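Following: one structure in structure tokens, then a few remarks.
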Amino acid sequence: MATKFSATLSVRSYELDSFGHVNNAVYLQYLEYARCEFMAQQGLTFNDFHAWGAFPYVVHVDIDYKASSRTGDELELIGWVSEWGRSSFVLSYEVHNRTTGKLSALANVKFAWVNDQERIIPVPLLFRERMT
């Protein structure tokens, strides 16, 4: 079973579109926030990537929007590593709106590991160990 992680945030007014709900592109920022929180919980920082000379690049994003979120709503993002490849991994997410009790979105973000010349490399062992 994959280790699940959780992060919460409140929707801010500047994240809304002209229809009054969270803009679709803002969900990418929410997913990035949750990933950074999980890495911090696992003792990983962006300095580690620089020390390894290895960087996870987003190569594919899939988001299914289920229900709107609005200013002040409290969101909980639950995520887990759903797939490991030799040089990639996928983070899956559920975005729950605690205020409305509805599921706001489901997402999958695929990352590929590259070196400082942007050539594909294997997933660093320490990263794999800490994220599982």
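Throughout, read-outs are computed from the coordinates displayed, never taken from laboratory work. The structure presented is a predicted model; accordingly, all values stated were derived computationally and were not measured. No Cβ is skipped: glycine too gets one built from the backbone with ideal geometry, and neighbour counts run over all protein chains shown.
Here are the numbers for the structure shown:
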quantity	calculated
Cβ-Cβ under 8 Å pairs, at least 6 apart or on other chains, segment 2-14 side within 18 Å of His96 (Cβ to Cβ), far side assigned to a strand (DSSP E or B) and of a type in the set (Ser, Thr, Tyr)	Ala2/Ser82
Which listed residue, of Asn47, Asn97, Asn24, is free of Cβ contacts under 8 Å to residues at least 60 places away in the same chain, surrounded by fewer than 17 Cβ atoms within 10 Å (Cβ to Cβ) and in contact with a strand residue (DSSP E or B) (Cβ under 7 Å, 6 or more places away or on another chain)	Asn24
Selected residue (criterion: surrounded by the most Cβ atoms within 10 Å (Cβ to Cβ)) from residues of segment 10-21 that are among the small types (Gly, Ala, Ser) and not in a helix (DSSP H, G or I)	Ser10
Failed criterion for Asn47 (all others in (1) assigned to a loop (DSSP other than H, G, I, E, B); (2) more than 18 Å from Ala7 (Cα to Cα) hold)	(1)
Residue in segment 61-74 that is surrounded by the most Cβ atoms within 10 Å (Cβ to Cβ), counting only those that are assigned to a strand (DSSP E or B) and over 12 Å from the mean Cα position of the chain (by Cα)	Tyr65
Residues of segment 100-132 that turn out to be more than 18 Å from His50 (Cβ to Cβ), assigned to a loop (DSSP other than H, G, I, E, B) and touching a residue at least 12 places away in the same chain (Cβ under 8 Å), as a count	2
Matching residues in segment 96-132 - criterion: being in contact with a helix residue (DSSP H, G or I) (Cβ under 7 Å, 6 or more places away or on another chain) and closer than 30 Å to Tyr65 by Cα	Ala105, Ala107, Val109
Test: residue in segment 58-67 that is within 29 Å of Glu129 (Cβ to Cβ) and out of contact with any Lys or Arg (no Cβ under 9 Å at 6 or more places or on another chain)	yes
Boolean, Leu77 is part of a strand (DSSP E or B) and either surrounded by 14 or more Cβ atoms within 10 Å (Cβ to Cβ) or not charged (D, E, K, R) (or both)	yes
